[in-house]
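Any read-out appearing in this document is the output of simple, stated calculations on the displayed coordinates, not a laboratory observation. Model, not experiment: these values are computed from the prediction. Glycine also receives a Cβ, built like all others from the backbone with ideal geometry; neighbour counts cover every protein chain displayed.
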């Protein structure tokens with residue numbers, strides 16, 4: 001059990017090192033796609049850390065991501081703060097916010113939690129827009145840095161790798177075991193002595209932490225930022241769909257899901273720019289009907305069959 | 001509350017669900033190393049009583065104390081950590097975990113905490129104890145009902161509870177399984193464990209329990225040794241109804 005865990009980590013480390021060479025090899029067009037893919041890999045990996053074992057579907061990714069992008073933009077535009085300081089502050093704010101949301105909602109079960117996170121993300125978006133329009137004057141904010149696309153890519157890679165490593169570490173810890181038990185049966189979890197609320201809140205906070213950092217790091221890419229753009233609810237859905245496509249049962253599921261999705265998405269949005277929403281719908285149907293446990297789940301099924309066939 | 005020398009004491013506990021009084025002013029105590037049965041007809045509040053002891057429900061009024069300190073305000077996980085372990089009326093295993101992991105779950109977070117190799121070894125010992133070690137790596141879905149119950153018992157024992165709550169642990173077993181089941185509980189008794197069991201199987205109650213508490217419509221109607229209690233006219237009436245009914 002433990003040896004295969006280390007093997008998994010070694011493979012992930014090799015992949016991360018290989019991924020580090022992408023900006024040196026690819027042209028700008030492919031690098032730009034890679035940045036998008038890396039952004040989603042980081043977001044989905046941190047999403048799966050919480051939602052995978054517990055089966056609580058969070059649609060709050062957009063809110064955390066938006067906090068990162070918006071705070072960096074406000075701090076740099078209006079208060080001449082450094083990028084790094086604002087990125088740190090945004091991560092802190094998002095983590096605290098996730099803790100508060102968790103304390104308020106993780107007692108809710110299933111669908112109520114989903115709806116609450118969606119509503120919360122929308123509320124923050126409208127609140128920030130309103131404050132921005134009425135009190136802070138300008139509608140848009142500028143994020144001007146010396147970062148190139150390659151720098152942003154590498155920073156996202158570090159975040160994705162950090163999220164993966166943390167997830168791997170948690171999976172092997174008591175906390176990870178507790179989350180698996182919670183995902184199976186919360187009543188049993190309490191009766192074997194697990195403080196279910198604390199376990200869930202801690203994990204939800206890590207999702208908030210990474211979400212904000214990804215939002216902060218990607219902000220320089222857009223240069224000009226509006227609240228409506230960074231707090232997009234679409235992002236929350238994209239994260240869920242890509243993570244489920246890959247398979248939320250394994251930490252490396254999102255990587256398997258994000259890469260094909262981003263490539264097909266790129267093709268679809270170029271060729272059929274008005275049908276992208278329909279494409280999301282189709283992918284969702286595909287997941288529900290054909291890949292309920294994602295690509296990873298299907299691969300594992302095939303692996304089991306091959307092993308049995310070999311005997 | 002003064003420590004009265006009992007492992008668990010239930011003091012004037014009442015539980016209301018809306019207008020329904022499920023448990024009404026219950027009062028009993030369980031000594032250390034004692035095996036006490038809670039019996040009574042269906043719907044008499046036995047399981048509600050168990051749920052209050054384990055912390056699934058909070059009593060509406062009254063208190064429950066363990067070794068003299070009040071536990072009825074604590075959440076379920078805290079009560080487990082203090083040393084109360086329970087099985088469920090409808091057996092509850094963790095379906096996506098293996099048999100061994102199910103038992104480890106009981107060893108990691110409970111009254112005594114173990115982790116890693118130690119937890120695994122301990123879980124194997126518990127499985128051996130209930131005669132299930134050969135199935136350690138099987139998926140839970142492949143187990144028969146009695147085997148599921150045995151695994152659940154192993155999970156509870158893995159937490160080294162001071163007080164064990166068995167909620168109709170023998171229900172739904174066929175005659176051969178029942179024999180195995182009764183034998184297992186007998187072993188617990190021989191170890192000197194403090195056990196509270198809710199049970200309908202009268203043979204088991206006679207042979208296992210030191211004492212019985214009889215409930216009917218949420219109220220305690222009798223208490224004493226199984227033989228005395230089971231021949232009490234009021235208990236017979238509660239089970240079978242009045243002569244003229």
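Quick notes on this structure:
- Among the residues of the stretch B:103-139, the ones that are touching a residue at least 24 places away in the same chain (Cβ under 8 Å) and at the interface with another protein chain (Cβ under 9 Å from one of its Cβ atoms) come to 7 in all.
- Only one of A:231, A:272, A:237, A:261 that is crowded, with 16+ Cβ neighbours inside 10 Å, in contact with a helix residue (DSSP H, G or I) (Cβ under 9 Å, 6 or more places away or on another chain) and over 21 Å from residue A:297 (Cβ atoms): A:231
- Filtered by the rule that a residue be more than 10 Å from chain A (Cβ to nearest Cβ) and within 21 Å of residue B:67 (Cβ to Cβ), the stretch B:140-160 gives B:157, B:160.
- Any chance residue A:208 is under 30 Å from residue A:146 (Cβ atoms) and within 13 Å of the chain's Cα centre (by Cα): yes
- Any hit, the stretch B:198-205, residues being in contact (Cβ under 8 Å) with a residue 24 or more places away in the chain, within 25 Å of residue B:77 (Cα to Cα) and more than 14 Å from every other protein chain (Cβ to nearest Cβ): yes
- 3 or more residues out of contact with any strand residue (DSSP E or B) (no Cβ under 8 Å at 6 or more places or on another chain) and surrounded by 23 or more Cβ atoms within 10 Å (Cβ to Cβ): qualifying helices (runs of 4 or more DSSP H) within the stretch B:122-228: B:145-158
- Candidates in the stretch B:66-93 are the residues that are more than 16 Å from the chain's Cα centre (by Cα) and more than 12 Å from chain A (Cβ to nearest Cβ); of these, the one that is surrounded by the fewest Cβ atoms within 10 Å (Cβ to Cβ) is B:69.
- Some residue of the stretch A:68-83 being in a helix (DSSP H, G or I), under 15 Å from the mean Cα position of the chain (by Cα) and touching a residue at least 12 places away in the same chain (Cβ under 8 Å): yes
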